[in-house]
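Q: Please find one structure pasted underneath; my questions will follow.
The values are calculated or read from the model by the stated rules, or taken from the named source; none is laboratory data. Because the structure is predicted, anything quoted here is derived from the model rather than measured. Because the Cβ atoms are built from the backbone with ideal geometry, glycine has one as well, and the counts that use them run over all protein chains shown. Each accessible area value is taken on the protein alone, full model and side chains, heavy atoms only, with ligands, DNA and RNA left out. Shrake-Rupley method; radii C 1.70, N 1.55, O 1.52, S 1.80 Å.
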Amino acid sequence: MNIILFGPPGAGKGTQATQLATNHNLLHISTGDILRAAIKEGTPLGIEAKHYVESGGLVPDSVIIGLVREVLQANIGPDRGFLLDGFPRTVEQARALDTLFRDIDIKDVRIVILIAPEEELVGRMLKRGVELGRKDDTEETIRHRLEVYTAQTSPVRAYYEETRQVSEVDGLGRVEEVAARIDKALRQSPPALHW
Ligand code: ADP
């Protein structure tokens, strides 16, 4: 099994993804984590991405698509599935992923969207900003990220729903409650098989 987990910033994707990946022995690929690590280390990718990430914008599709392609091609084999967290974030990324799945012959993919009301998202990110010191978790940047989500990422859902099943999961409640909802959705939803 392979999973695409997406949803607005602050919905809890990172927390759920970490647990899900462990439980199902999946390779957890978080584009946000990869970018933050690159920024911290000052690699060429980090230098290019820094301004976009810290201002709450999106890193250009060409950069992020190349990155995900490399990571998937290098790590995926017949006995190890993956969990994509934070990718795709634009319809162009979703299209590129379709092509990649065809190229490397990936079939069984479940698509899960984790949602929560906007006030909850903002509250969670402000709290995380204080706790973790993430530069993109300040009030103004959070507003911008939510706008970017609405404009660029929410169309990904419509794109997938044209031809595939997307399971919507409510991200409100305790971490374990949300995890149980995701597991239930995974058990009930048929995988998308056509890419
Ligand atoms: P959150 O889910 O809270 O928004 P992430 O860690 O997923 O946090 O992403 C943080 C930032 O990293 C994004 O606001 C964006 O700048 C950048 N980023 C992550 N994934 C992508 C992607 N697929 N395409 C473009 N930019 C990305």
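Q: Please pick out the residue among VAL175, VAL112, VAL169, VAL148 that is at pLDDT 95 or above and closer than 21 Å to ARG80 by Cβ.
A: VAL112
Q: Name, by its number, the condition in (1) assigned to a helix (DSSP H, G or I); (2) open to solvent by 50 Å² or more (accessible area, probe 1.4 Å) that does not hold for ASP105.
A: Checking ASP105 against (1) assigned to a helix (DSSP H, G or I); (2) open to solvent by 50 Å² or more (accessible area, probe 1.4 Å), the one that fails is (1).
Q: Also: Looking only at the range 59-96, count how many residues are buried (at least 17 other Cβ atoms within 10 Å of the Cβ), within 12 Å of the ligand (Cβ to nearest atom) and outside any helix (DSSP H, G or I).
A: Adding up the residues that qualify gives 8.
Q: I need the helices (runs of 4 or more DSSP H) fully contained in the range 1-58, keeping only those with at least 2 residues that are in contact with a helix residue (DSSP H, G or I) (Cβ under 9 Å, 6 or more places away or on another chain) and without any contact (Cβ under 8 Å) to a residue 60 or more places away in the chain.
A: Where helices (runs of 4 or more DSSP H) fall fully within the range 1-58 and carry at least 2 residues being in contact with a helix residue (DSSP H, G or I) (Cβ under 9 Å, 6 or more places away or on another chain) and without any contact (Cβ under 8 Å) to a residue 60 or more places away in the chain, they are 31-41, 44-55.
Q: Right, another one. Filter the range 34-48 for residues that are within 10 Å of the ligand (Cβ to nearest atom), open to solvent by less than 30 Å² (accessible area, probe 1.4 Å) and either among the hydroxyl-bearing types (Ser, Thr, Tyr) or farther than 13 Å from ARG89 by Cβ (or both) and give the result.
A: None - no residue of the range 34-48 is within 10 Å of the ligand (Cβ to nearest atom), open to solvent by less than 30 Å² (accessible area, probe 1.4 Å) and either among the hydroxyl-bearing types (Ser, Thr, Tyr) or farther than 13 Å from ARG89 by Cβ (or both), so the list stays empty.
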